[in-house]
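Notes to accompany the following structure.
The values are calculated or read from the model by the stated rules, or taken from the named source; none is laboratory data. In this text, all values refer to a predicted model and were calculated from it rather than measured experimentally. Glycine also receives a Cβ, built like all others from the backbone with ideal geometry; neighbour counts cover every protein chain displayed. To get the accessible areas, we keep the full protein, side chains included, count just its heavy atoms, and leave off ligands, DNA and RNA. Shrake-Rupley method; radii C 1.70, N 1.55, O 1.52, S 1.80 Å.
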Amino acid sequence: MEKERQREFRREERRTAKRALNRVLETGLKGVDFEELRESLRSKGVSRGIVKASIDRLLEEDQIVESEGRLYSKGAEVAGREDSARGNVHAFEVEKVLRDRAIVRVDGKWWASLFPEDYDGPRHLIKRGNSFKGVADLYHEDGRFRAWIKGVIKR
């Protein structure tokens, strides 16, 4: 019985963490107020303990960053602190997902291969048709145009 309750708690924690991350990604460079996010999740019927555990999980996994009472995505934090990153912000749209890579459209102009080792962002965004903005380096290797996404800024 106890194992079942723990399993259900973790399942709900993962669901809530995904909702929270999506909310943070929607705000982009502005970030979301910590209390506003907490109240938003609480208003959807999520318990206080699960909200705290899910936000702590995202902070621990380094998917979001807290600064001055606001939560930012990892990519937004990188783009905000590095002046050089401003030129490296690109819009991506996932065109096709293959076994070893994804084909993404970069800024609506080019197609690039995105390999798992070159992607540092939420896994649930790599699905056909999803689009997002991220801090990335674009380069050629082995005759392929590749993208190295260092962080997702906005969904």
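With the Cα gyration tensor of the stretch 85-154 giving a ≥ b ≥ c as the square roots of its eigenvalues, does the rule (a/c under 1.5 for rounded; else a/b larger than b/c for prolate; else oblate) give rounded, prolate or oblate?
Note, shape of the stretch 85-154 comes out rounded.
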Tell me the label only: which of [x] 20.5, 60; [y] 15.7, 48; [z] 16.9, 56 is Rg and Dmax of the Cα atoms in Å as calculated from this structure?
[z]
What's the carbon and sulfur percent of the stretch 1-79's accessible surface, probe 1.4 angstrom, rounded to a whole number?
45
Please list, by residue number, every one of the trypsin sites (Lys or Arg not before Pro) in the stretch 41-124 that is coil in DSSP and has at most 14 other beta-carbon atoms within 10 Å.
Lys44, Arg99, Lys109
If you fit an axis through the alpha-carbon atoms of helix 48-60 and take the longest principal axis of the Cα set of the chain, what angle between them do you get, 0 to 90°, nearest 10?
30
Set the bar at 30 Å for Cα to Cα. Now go through Lys52/Lys109; Lys30/Lys150; Lys52/Lys74; Lys3/Lys150 and name every pair that lies beyond it.
Lys52/Lys109; Lys3/Lys150
Mind checking the per residue accessible area of the chain for me, 1.4 Å probe, whole number of Å²?
60
Out of Gly75, Trp111, Ile126, whose Cα points farthest toward the positive end of the dipole of the chain (charges: +1 Lys, Arg; -1 Asp, Glu; placed on Cβ)?
Ile126
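Please get the size of the charge dipole for the chain, origin at its Cα centre, with Cβ charges of +1 on Lys and Arg and -1 on Asp and Glu, quoted in debye to the nearest 20. All intermediate terms of the calculation are to be shown ahead of the outcome.
Working: 35 positive and 29 negative charges, 161 e Å.
In total the dipole reaches around 780 debye.
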Counting only helical runs of four or more DSSP H residues, what would the 222 nm mean residue ellipticity of the chain come to if each run contributes -39,500 (n - 2.57) and the total is spread over all its residues?
-12000 deg cm²/dmol
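Under a Cβ-Cβ cut-off of 12 Å, what is the net charge of the residues other than Arg5 that fall near it, where Lys and Arg count +1 and Asp and Glu count -1?
Charge balance near Arg5 sits at 0.
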Helix 34-43 vs. the chain, principal-axis angle (Cα, 0 to 90°, nearest 10):
60
Rounded to the nearest 20 debye, dipole of the stretch 72-155 from Cβ charges on Lys, Arg, Asp, Glu:
420
Starting from the Kirkwood Rh over alpha-carbon pairs, what translational D in µm² s⁻¹ does the stretch 1-79 have by Stokes-Einstein at 10 °C and 1.306 mPa s?
125
With springs only between Cα atoms under 10 Å apart, run a GNM on the chain and tell me which of Gly31, Gly134, Gly69 wobbles the most.
Gly69
So for Thr16, Thr27, what's the accessible-area order with a 1.4 Å probe, most first?
Thr27, Thr16
I need the phi-derived Karplus couplings for the stretch 13-22: 6.51 cos²θ - 1.76 cosθ + 1.60, θ = phi - 60°, integer Hz, Gly and Pro marked x.
4, 5, 4, 5, 4, 5, 4, 5, 5, 4
